[in-house]
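A short write-up of the structure that comes next.
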Amino acid sequence: QVQITESGGGLVQPGGSLRLSCAASGATFSINAMGWYRQAPGKQRDMVAIVSTDGTTNYSNSVKGRFTISRDNAKNTVYLQMNSLKPEDTSVYYCNVDRYGGPEYAVWGQGTQVAVSS
């Protein structure tokens with residue numbers, strides 16, 4: 001089993017910064033890529049950023065240049081540094097842990113709220 005602990009969400013003013021953390025525990029040997037997704041009210045859950053085991057990253061076009069994803073394999077933790085936050089970034093952010101074996105083995109965090117408002 002893989003368990004996820006998310007932290008770092010909160011309320012921030014436009015232009016501000018926030019850093020999300022997601023720590024995986026349990027059967028961490030099975031972890032492949034890790035990433036962050038977000039889902040705003042009435043919208044689908046969309047990919048924000050993904051980082052592979054070797055550090056290769058992929059970003060949604062809407063966050064390129066503003067967000068940075070990274071991981072610490074020793075700590076089984078993925079981070080999302082969010083800078084220049086905009087009101088449209090307001091959403092519930094979910095950590096996703098992809099596992100070897102296929103997408104059916106993926107594990108999702110409970111979600112952490114990010115609100116960007118003045």
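So how many residues does segment 1-31 have that are under 15 Å from S118 (Cα atoms) and open to solvent by 40 Å² or more (accessible area, probe 1.4 Å)? Number of matching residues: 5.
Considering only segment 47-54, I want to know if a residue exists there that is farther than 19 Å from S91 by Cα, open to solvent by 30 Å² or more (accessible area, probe 1.4 Å) and without any contact (Cβ under 8 Å) to a residue 12 or more places away in the chain. Scanning segment 47-54, I find at least one residue that is farther than 19 Å from S91 by Cα, open to solvent by 30 Å² or more (accessible area, probe 1.4 Å) and without any contact (Cβ under 8 Å) to a residue 12 or more places away in the chain, so the answer is yes.
Note on segment 64-93: residues that are without any contact (Cβ under 8 Å) to a residue 60 or more places away in the chain and of a type outside the set (A, V, I, L, M) amount to 16.
Find the residue count for segment 106-118, including only residues that are in contact (Cβ under 8 Å) with a residue 60 or more places away in the chain, surrounded by 15 or more Cβ atoms within 10 Å (Cβ to Cβ) and out of contact with any Phe, Trp or Tyr (no Cβ under 8 Å at 6 or more places or on another chain).
The number of residues fulfilling the criteria is 3.
Are any of the residues in segment 71-80 modelled with pLDDT of 95 or more, surrounded by fewer than 16 Cβ atoms within 10 Å (Cβ to Cβ) and not charged (D, E, K, R)? There is no residue in segment 71-80 that is modelled with pLDDT of 95 or more, surrounded by fewer than 16 Cβ atoms within 10 Å (Cβ to Cβ) and not charged (D, E, K, R). Scoring V92 on the criteria (1) open to solvent by 50 Å² or more (accessible area, probe 1.4 Å); (2) of a type in the set (A, V, I, L, M); (3) at pLDDT 95 or above leaves a single failure, condition (1).
The values are calculated or read from the model by the stated rules, or taken from the named source; none is laboratory data. The structure displayed is predicted, hence computed values, not measured ones. Please note: Cβ atoms are built from the backbone with ideal geometry, for glycine as well, and neighbour counts cover all protein chains shown. Calculation scope for accessible area: heavy atoms of the full protein, side chains included, ligands and nucleic acids excluded. Shrake-Rupley method; radii C 1.70, N 1.55, O 1.52, S 1.80 Å.
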